[in-house]
Amino acid sequence: MKSGILGGLFLASMALRAFAADPSIFTWKTGVFEVNMLVETRSAGRPTILLGTTPAQIAQYFPDGTYQSEVNTFLVRGNGHTVVVDTGFGGAIFENMKQLGVKPEDVDAVLITHMHGDHIGGLQKDGKPLFPKARVYLAKQERDYWVDTAANAGARSALAPYGAKVETFLPGSISGGAEILPGIRAAAAFGHTPGHTVFLLESNGEKLLIWGDLMHVQGIQFPLPDTSVSYDTDPIAAAASRRQILDYAAKNKVPIAGMHLVYPAIGQVESAGAGYRFVPAK
């Protein structure tokens, strides 16, 4: 999402507490990898962010005019690494990690899907890195856009404390992305932002695709995947990436995990008519 870091922190603090009793950690195994989905915030979203929908579609998919919205991060451990995929707003992620017995200094790599505020808000505070021993990995296209082209002060501030420990890469295709760490590959899913990246975990013949912001409103974007949102830099490209990756996940039976899917935020994609459906993990 396009919230700046300060705006993101404010939104995090204002997230609806009605969901506080819900579980905030979900654990999944992919070969040697233990993947923990960590809920950063829960709130009620409004479908006004959707582009090109009709009143009939809104009435069908959102009868009460709202949907449950989450911001999630992921903690991945395995192959000798402790990895965070996106940092949320920098709030609940640290408490959730503490519950799992993981300290920020235990994390040796932070993978960034893109540089919106609800994904990089936990990288730094007061100019100091919140993951002091970690290297930060992100697509070259993403860094170039937000740090140079867009000249976004929040993006520069988020990366600055890591200095030379920021590493960029060129994402590959969904079937053959660049290996960032052992068993973790990066693939292009451009459109939501110019360098939006998904990460494919593979171990012992098992896979999991952590797909960042490929989807924001699952209630309509699974059945109607051409529906984009106002947060997308290029809505047409975002829809094309979404269809490509949904098709890949459904055909190859690869579980997916999303930063804005609702708990457990991990599950299987199945074809359903002209669209898809999501089967949450148990």
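The table below lists the values:
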quantity	calculated
At R0 = 25 Å, FRET efficiency that the Cβ-Cβ distance of ASP234 and LYS140 yields, to 0.05	0.90
Most fluctuating residue given options VAL217, VAL102, VAL84, as computed from a GNM of the chain linking Cα atoms under 10 Å	VAL102
Environment charge of LEU208, counting only residues whose C-beta is closer than 10 Å and scoring Lys/Arg +1, Asp/Glu -1	0
Kirkwood hydrodynamic radius over Cα pairs of the stretch 205-282, then Stokes diffusion coefficient at 20 °C and 1.002 mPa s, in µm²/s	173
Close Lys-Lys pairs in the stretch 123-218, where close means Cα under 18 Å and separation is 8 or more or interchain	5
Cα-Cα pairs of the chain separated by more than 27 Å (percent)	33
Segment ALA151-LYS29, extension gain: residue separation times 0.36 nm, minus the distance between their alpha carbons	40.0 nm
For the stretch 86-229, alpha-carbon Rg over 2.2 N^0.38 Å	1.05
Surrounding net charge for VAL262, when Lys and Arg each add one and Asp and Glu each subtract one, Cβ distance under 9 Å	0
Charge dipole of the chain about the Cα centre (unit charges at C-beta), most positive-ward option of TYR231, GLY117, ASN79	ASN79
Net charge over other residues, Cβ less than 14 angstrom from the Cβ of VAL32 (K, R count +1; D, E count -1)	0
Net dipole in debye of the stretch 127-183 [+1 Lys, Arg Cβ; -1 Asp, Glu Cβ; about Cα centre; nearest 20]	300
Linear extension gain, ASP106 paired with HIS81, 0.36 nm per residue minus alpha-carbon span	8.1 nm
Convex hull per residue volume in Å³, alpha carbons only, for the stretch 150-233	134
Projected label distance in nm at ALA59 and SER175, using a 7 Å step from Cα toward the beta-carbon	4.4
Residues LYS125 and ALA272, FRET efficiency given R0 of 51 Å [Cβ-Cβ distance, rounded to 0.05]	0.75
Size of electric dipole in the chain: Cβ of Lys, Arg +1 and of Asp, Glu -1, about Cα centre, debye, nearest 20	240
The chain: calculated mean residue ellipticity at 222 nm from DSSP helix runs of at least 4, using -39500 (n - 2.57)	-6000 deg cm²/dmol
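Every number in this text was worked out from the coordinates using simple rules, so none of it is lab data. Bear in mind the structure is a predicted one, so any value in this text is a computation, not a measurement. Using ideal geometry, Cβ is built from the backbone for each residue, glycine included, and neighbour counts are taken over all protein chains shown.
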